[in-house]
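Asker: Once you've had a glance at the structure underneath, I'll fire off some questions.
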Amino acid sequence: MALRIVVVGDELVAGVGDPKALGWVGRVVARTIAPEPPLVLTLAMPGETSTHLAARWEAEALGRLDPGSDNRLVVALGRGDGAAGLSLARSRLNLAKILDAAAQHRIPAFVVGPPPAHPDANMHLAALSAAFSDVADRRTIPYVETFAPLVAHDQWLADLASSDGSLPGQAGYGLIAWLVLHTGWHAWLGLPSDAD
């Protein structure tokens, strides 16, 4: 059965700032070994909070799914909640709403957490990532922790320093892709992996 994967999230889903225009999604798809290449649809909204994502994802994603395909949902959580002043409880509830609705629609979900940003925002992002991880774990949904592995990673920090301090470049997106590929991506899709 053909794979159809909808990826929802902020500007990082679209690969903004990547000179190769692949972002992490393009790099992950390029390494996804399937009998036929998956159809991957990215639905990015720059600067989005989890509240906005919870409100829009169904209307945008469901119309792009195909009853004859193996439909999947990737929820790529951004860093907008902290800037918007959302409480951790509200952020948790928003992700829970998304994942519970996906389960009701029988769409397997995969969650990618928010990566680090400017040092001033990182304390909140660490707590936010832990909260999101807990919501996914309680539902036995794969969660890719990007914050902890990247917060002190030299390549990640250099990439952010070469931009406006918020967007990664080629190396940063490659690091996120590596984390996704090595945190159960192929197993979630029921496919063999060349990532190990």
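Asker: Translational diffusion coefficient of the range 148-196 at 37 °C, 0.692 mPa s, Stokes-Einstein with Kirkwood Rh over Cα pairs, in µm²/s as a whole number.
Answerer: Values: Rh = 11.8 Å.
D, rounded to a whole number, is 278 µm²/s.
Asker: Can you give the three extents of the C-alpha atoms in the chain along their principal axes, from longest to shortest, in whole Å?
Answerer: 46, 34, 25
Asker: If each DSSP helix of 4+ residues adds -39,500 (n - 2.57) and the sum is divided by the residues in the chain, what number results at 222 nm, nearest 500 deg cm²/dmol?
Answerer: On the way: 10 runs with 95 residues, N = 196.
Here the helix-only value at 222 nm equals -14000 deg cm²/dmol.
Asker: OK, next. May I have the convex hull volume per residue, in Å³, for the Cα set of the range 103-196? Can you show the working numbers first?
Answerer: On the way: hull volume 10.3 nm³, N = 94.
In the range 103-196, the Cα hull volume divided by residue count equals 110 Å³.
Asker: Right, something else. Send over a whole-number figure in Å² for the accessible area per residue of the range 16-127, probe 1.4 Å.
Answerer: Per-residue accessible area for the range 16-127 comes out at 48 Å².
The values are calculated or read from the model by the stated rules, or taken from the named source; none is laboratory data. Keep in mind that this is a model prediction, so the values were computed, not measured. The protein model used for the area step is the full one, side chains on, heavy atoms only, and it has no ligands, DNA or RNA in it. Shrake-Rupley method; radii C 1.70, N 1.55, O 1.52, S 1.80 Å.
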